[in-house]
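**Student:** I have a structure here, written as structure tokens, and I will follow up with some questions on it.
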Amino acid sequence: MTPNGWLQILLFLAVVLAVTKPLGLFMTRVFEGERTFLHPLLRPVERLVYRLTGVDERREMRWTEYAASMLLFSLVSMLALYLIQRLQGVLPINPQGLPGVDTAASATGGYVGSAFNTAASFTTNTDWQAYVPETTMSYLTQMLGLAYHNFASAAVGIALAIAFIRGIARKEANTIGNFWVDFVRCNLYVLLPLCSVFALVLVSQGVVQNFRPYDTARPLDPQSAVQTIAQGPVASQEAIKMLGTNGGGFFNANSAHPFENPTPFSNFLQLVSIFAIAAGLTYTLGRMTGSQRHGWAVLAAMVVLFLAGVTTAYWAETRGNPILSGAGVDQTVSAGQSGGNMEGKEVRFGQAESTLFATVTTDASCGAVNSMHDSYTPLGGLVPLVNIMLGEIIFGGVGSGLYGMLIMVILSVFIAGLMVGRTPEYLGKKIEAYDVKMAMLYVLIFPLIILVFAAVSSVSSSFGTSQLGNAGPHGLSEILYAFTSGTGNNGSAFAGISANTYWYNTAIGVATLFGRFMMIVPMLAVAGNLARKKAVPPSLGTFPVTSPLFTTLLVSVIVIVGALTFFPALSLGPVVEHYLMYAGQTF
């Protein structure tokens, strides 16, 4: 670890904290229906959208109707993306003449399931990619199919977080807002303006944005094969990929590709954009609930967990591999080399920017990568895996991270109430049996999906372990990471596993759907129930949710819940691999 590396990490955190308040305040005004500086330009467009779609912006919904609207919208969106992929070969804006996804497999009597997996993945903000994008998806599919879903899935997550906040803030109310209004305002006032500016900045750094057919280049060596230079409308997709914490890359190398992430400055901007909206929503939480200190306390818990993860990963990767050190390989930091474990990392970014990216992208349910997590040391790879296993709530996906964190807040308040022997309260609302049951349902669904699918894959040699690039504990980590990433709607991978098969495409696709929607329903049930409650004034026995003590309790509950659930599986994967590595063995 070097001072320069720590300076980069601390600068990143400082910039994120600097944008938290202004962005959070702007989103508060947007979702409260207040006037913003964009209203003169965009308010007529918003009214036109409502008029064309028949939406009454003054009509609000109960939580059941809000959930039904969201589910129906997501279902239709998913079917549309599936059809775009299958019909890609006959649709326009396809200069490479790429066939429909799964067409070749269908013609030979097989079924890879990539179209289903991708439709489910992008609808759920997961963006898991078992295919090679530049040789599989046309420009039209990338824009109309994938980039559109990047906007839609991000807006759905933010809308759900706002609905949860309303449930906390309102008193004796039966409604939590209007899904269609929240969805439109999120896209129109937040995502589209931010992405338009960010895309132009990325173009200035060298990110590609065109509709040209792929170029070819002949190497100087006449015996070498002609190289194909893939390109396309990259910058526009890259912007929402990061700001919407989607993560699906235009190229297979994702943000390690120079056309997606050409400079250290573009890398820094992408890192900040991943956290920006999620951090801003914590300020929105405080503003809308009337307890700004509570919003800061929640943000503090996120920052503590983030720093713990990035410190561990940075330390593990800069120490290097003891097996290589024993073989005489110099892994020390010097003027001529980065030192440590550089396998799978870009020399443009080095240890600090690589481990920071790996931590941020798995803290935030983004899934974009600028290095290969499969090549990390066991403890370095453990950090991204644990980040997702904690429920993607350390900043988390836009919206989904906040409502996941608020579920943990409810459990923390409940535990605090048990400690003092009184009915727990949260911002003036009594937390009762129904709220705790729904919160526990939310918490238990997540590990159930991961562990069941991982167990089935681990014991089957025909469709599970046969696709692994590694045996032993690292192979288990690859399987565990795949289903954790899918269920947690992250999308990154230990890429040593060959997941473009019928089993993995189908199983991970189902895991993404369950991990998104089966957890949303109990969350909205809690929001609806909280909105109906009366407010009670705080008393001497009320546990304050604005203090460092609350932040400490919240962090403890998050870690304990994750450790108790996943520690046995982690012990058989990255933990035992770490000890084997120091014993001179590797898999």
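**Student:** Using alpha-carbon positions, what is the distance between the centroids of the stretch 209-261 and the stretch 423-500, in Å?
**Tutor:** With the stretch 209-261 and the stretch 423-500 each reduced to a Cα centre, they are spaced 31 Å.
**Student:** Can you compute the helix-only [θ] at 222 nm over the chain? Use -39500 (n - 2.57) per DSSP H run of at least 4 residues, normalise by all residues, nearest 500 deg cm²/dmol.
**Tutor:** Value at 222 nm, helices only: -20000 deg cm²/dmol.
**Student:** A further question follows. Among [x] 28.2; [y] 26.6; [z] 24.4, only one was calculated for this model; which label is it, if the read-out is Kirkwood radius over Cα pairs in Å?
**Tutor:** Identified label for the calculated read-out: [z].
**Student:** My understanding is that a pair violates if its Cα-Cα distance is over 26 Å; which of LYS21/LYS437; LYS171/LYS437; LYS437/LYS534; LYS21/LYS241 do that in this structure?
**Tutor:** Among LYS21/LYS437; LYS171/LYS437; LYS437/LYS534; LYS21/LYS241, the Cα-Cα distance tops 26 Å for LYS21/LYS437.
**Student:** What does the highest-first list of 143-152, 67-76 look like by mean Cβ count within 10 Å?
**Tutor:** My ranking of the peptides, most packed first, is 143-152, 67-76.
**Student:** Magnitude of the Cβ-charge dipole of the chain, K/R +1 and D/E -1, about the Cα centre, nearest 20 debye?
**Tutor:** 1920 debye
**Student:** Expressed as a whole number of Å, what is the distance separating the alpha-carbon centroids of the stretch 296-370 and the stretch 106-183?
**Tutor:** 29 Å
**Student:** By how many nm would the segment from TRP315 to PHE517 lengthen if fully extended, with 0.36 nm per residue of separation less the alpha-carbon distance?
**Tutor:** Between TRP315 and PHE517, full extension yields an extra 69.1 nm.
**Student:** Now, a different point. Work out, step by step, the length gained on full extension between LEU79 and ALA225: first 0.36 nm times the residue separation, then minus their alpha carbon distance; give nm to one decimal.
**Tutor:** This chain segment gains 48.6 nm when fully extended.
**Student:** Using 0.36 nm per residue, how much length does the chain from LEU71 to PHE211 gain when fully extended, once their Cα-Cα distance is taken away?
**Tutor:** Stretched fully, the LEU71-PHE211 segment lengthens by 47.0 nm.
**Student:** Explain nothing, just the number: dipole magnitude of the stretch 226-331 about its Cα centre with +1 on each Lys and Arg Cβ and -1 on each Asp and Glu Cβ, in debye rounded to the nearest 20.
**Tutor:** Roughly 400 debye, rounded to the nearest 20.
Since every read-out is calculated from the coordinates, none of them should be taken as a lab result. Quick caveat: nothing in here was measured; it's all calculated off a predicted structure. Note: ideal-geometry Cβ built from the backbone for every residue, glycine included; neighbour counts use all protein chains shown.
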